[in-house]
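Have a look at the structure below before the remarks.
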Amino acid sequence: MARITAGIATSHVPAIGAAIDLGKTQEPYWAPVFAGYEFSKRWIAAHEPDVVFLAYNDHASAFSLDVVPTFAIGCAEQFAPADEGWGPRPVPTVPGHPELAAHVAQSLIQSDFDLTVINKMDVDHGLTVPLSLMFGQPQSWPCRVIPFAVNVVLYPPPSGLRCFRLGQALRQAVESFDADLDVQVWGTGGMSHQLQGPRAGLINKAFDQSFLDRLIAEPEAQARMPHIDYMREAGSEGIELVMWLIMRGALNARVKTTHRFYHVPASNTAVGHLILENQP
Ligand code: DHB
Ligand code: FE
């Protein structure tokens, strides 16, 4: 049977992708950000998954405001990097896992989660920047990826609790897939940031650190935080953090914190990053 081996959380700032693509990672501004991922690159080389189930948000690249699914699962054979206005990122096409994606879609929909099935879409920085942070700049991505898009762009977002429960249901789905696969669940986005309005530039380090503590140690309690508190405390784009709860819901109650990193700033964002491994 397939099994979930680890969860990873990371921010997905587009400027991080540009820094990688333009060879700027060792510049003084960026070096401390990328230093936080050196361990992660070594760790994942030793713990390479067969499939990454990657919860991220589309930023009006695949979906326009005409149609905005709350939860959308990518079931295609592959996903091309999206053109976000300055050409697609020079990164490999993302190979999907249509069989596992279809199984997860069936299992989650039959467990009363309303998913939109996506058979063709491009993937933006929300998905490709986390892949670059973890895998560097390979000729092809070393594993398959199931994109799972969560709407945190157009109000209303799903609640943290809904995301946490979805992660729990995802685990059952993966563990009932009859194939010998190591699956990692990644939650991306965050941490505190606000890109527009009078509070643009907002960062809240105390909130971010508390979120990391609670996500690890008392995720169910953290999951009950209402969406409005993310907006108030972590800024309008801080709501991206609900996607980390999908990752956490897919893991055991007890986890080992293999890696924890926090850095401000990267563009307008506080960067947070976790590697969590299941404990019995
Ligand atoms: C930034 C962060 C994001 O999460 C995003 O989607 C776009 C921009 C930023 O910090 O600039
Ligand atoms: Fe974002």
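The table below lists the values:
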item	result
Where Val33 falls short, out of the listed (1) open to solvent by less than 10 Å² (accessible area, probe 1.4 Å); (2) in a helix (DSSP H, G or I); (3) more than 16 Å from ligand 2 (Cβ to nearest atom)	(3)
Which numbered condition Gln168 fails, given (1) open to solvent by 30 Å² or more (accessible area, probe 1.4 Å); (2) touching a Lys or Arg at 6+ places or on another chain (Cβ under 7 Å)	(2)
The stretch 8-30, subset under 21 Å from Trp86 (Cα atoms) and β-branched (Val, Ile, Thr), residue most open to solvent (accessible area, probe 1.4 Å)	Thr25
Count of residues meeting criterion [assigned to a strand (DSSP E or B) and crowded, with 24+ Cβ neighbours inside 10 Å] in the stretch 119-162	7
Among the candidates Met191, Met121, Met134, residue that is touching a helix residue (DSSP H, G or I) at 6+ places or on another chain (Cβ under 9 Å) and more than 22 Å from Asn278 (Cα to Cα)	Met191
Filter result for the condition that a residue is away from ligand 2 (no atom under 16 Å from the Cβ) and either of a type outside the set (A, V, I, L, M) or open to solvent by 30 Å² or more (accessible area, probe 1.4 Å) (or both), over Gly249, Gly235, Gly272, Gly201	Gly249
Gly136 being within 16 Å of the chain's Cα centre (by Cα), modelled with pLDDT of 95 or more and among the small types (Gly, Ala, Ser)	no
Complete set of residues in the stretch 82-103 that are in contact with an Asp or Glu (Cβ under 7 Å, 6 or more places away or on another chain) and either within 16 Å of ligand 2 (Cβ to nearest atom) or open to solvent by less than 10 Å² (accessible area, probe 1.4 Å) (or both)	Ala82, Glu84, Arg89, Gly96
Hits in the stretch 54-81 (condition: in a strand (DSSP E or B) and open to solvent by 30 Å² or more (accessible area, probe 1.4 Å))	Gln78
Cβ pairs under 6 Å, 6+ apart, first in the stretch 184-198 and more than 19 Å from Ile246 (Cβ to Cβ), second open to solvent by 10 Å² or more (accessible area, probe 1.4 Å) and among the charged types (D, E, K, R)	His193/Glu237; Gln194/Glu237; Leu195/Glu237
Entirely in the stretch 182-280, the helices (runs of 4 or more DSSP H) that have 3 or more residues that are under 30 Å from Ala2 (Cα atoms) and more than 16 Å from ligand 1 (Cβ to nearest atom)	205-217, 219-223, 242-249
Count of the stretch 55-83 residues which are out of contact with any strand residue (DSSP E or B) (no Cβ under 8 Å at 6 or more places or on another chain) and hydrophobic (A, V, I, L, M, F, W, C)	4
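The values are calculated or read from the model by the stated rules, or taken from the named source; none is laboratory data. Nothing here was measured: the structure is a model prediction, and the numbers come from that model. Don't worry about glycine lacking a Cβ; one is built from the backbone with ideal geometry, like all the others, and counts go over all protein chains shown. Side chains included, ligands, DNA and RNA excluded: accessible areas come from the protein's heavy atoms. Shrake-Rupley method; radii C 1.70, N 1.55, O 1.52, S 1.80 Å.
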